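What follows is one structure encoded as structure tokens, with my remarks underneath.
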Amino acid sequence: MQKPAEYNKSPMARGCLPRDGTSGRGPLPPGRLTVSYTSAGPRTSATVRGELDLNAGRRLHHTLHRALTGSTEGLDLDLSGLSFCDCAGLNVLLDLRRQALRQHKTLAVTAAGPAVGRLLDLIGARELLTGPRARSGRP
């Protein structure tokens, strides 16, 4: 079951993929963020594309928290489609990890593009979100 949502810096539109008629692949217009997630077994997988900044992060926070809560074991994030991620986006990821730990679940960033990878490396959080601890849930 796939539940896509699309976000824009202006009014939020839910329940659709990009309106440009594409299949959801390729670069998105500036300021646009999409997230789609599927539940397969005990884990939920989410794919996030576009630009993750303060405005988009606030809305993404709620969507990913619902996806995590709806999973049995945790959430796997594919962030390879993010072309931009700032500190607000990083805060969303860290808060999501805290929620996962409180629920005795795991959060794992399974793929990260250059924007997210660089940010995780700069602050030393790559292992926290992508390493063995993220996958096993052990602190």
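All conditions but one from (1) surrounded by fewer than 20 Cβ atoms within 10 Å (Cβ to Cβ); (2) closer than 22 Å to Arg32 by Cα; (3) touching a Ser or Thr at 6+ places or on another chain (Cβ under 9 Å) apply to Glu51; the one that does not is (1). Considered as a group, the residues in region 119-139 that are among the charged types (D, E, K, R) and modelled with pLDDT under 90 include one that is nearest to Leu93 (Cα to Cα), and that residue is Arg126. In this structure, does Gly15 turn out to be at positive phi, open to solvent by 50 Å² or more (accessible area, probe 1.4 Å) and either modelled with pLDDT under 90 or touching a helix residue (DSSP H, G or I) at 6+ places or on another chain (Cβ under 7 Å) (or both)? Yes. Of all residues in region 50-71, none that is closer than 17 Å to Arg98 by Cβ and of a type in the set (Lys, Arg) has its Cβ atom under 9 Å from the Cβ atom of a residue that is open to solvent by 50 Å² or more (accessible area, probe 1.4 Å) and assigned to a helix (DSSP H, G or I), 6 or more apart or on another chain.
The values are calculated or read from the model by the stated rules, or taken from the named source; none is laboratory data. Here the structure is a predicted model, which is why all the values come from computation and not from measurement. When we count neighbours, we look across all protein chains shown, and the Cβ atoms used for this are built from the backbone with ideal geometry, even at glycine. Ligands, DNA and RNA are excluded from the accessible area calculation, which covers all protein heavy atoms including side chains. Shrake-Rupley method; radii C 1.70, N 1.55, O 1.52, S 1.80 Å.
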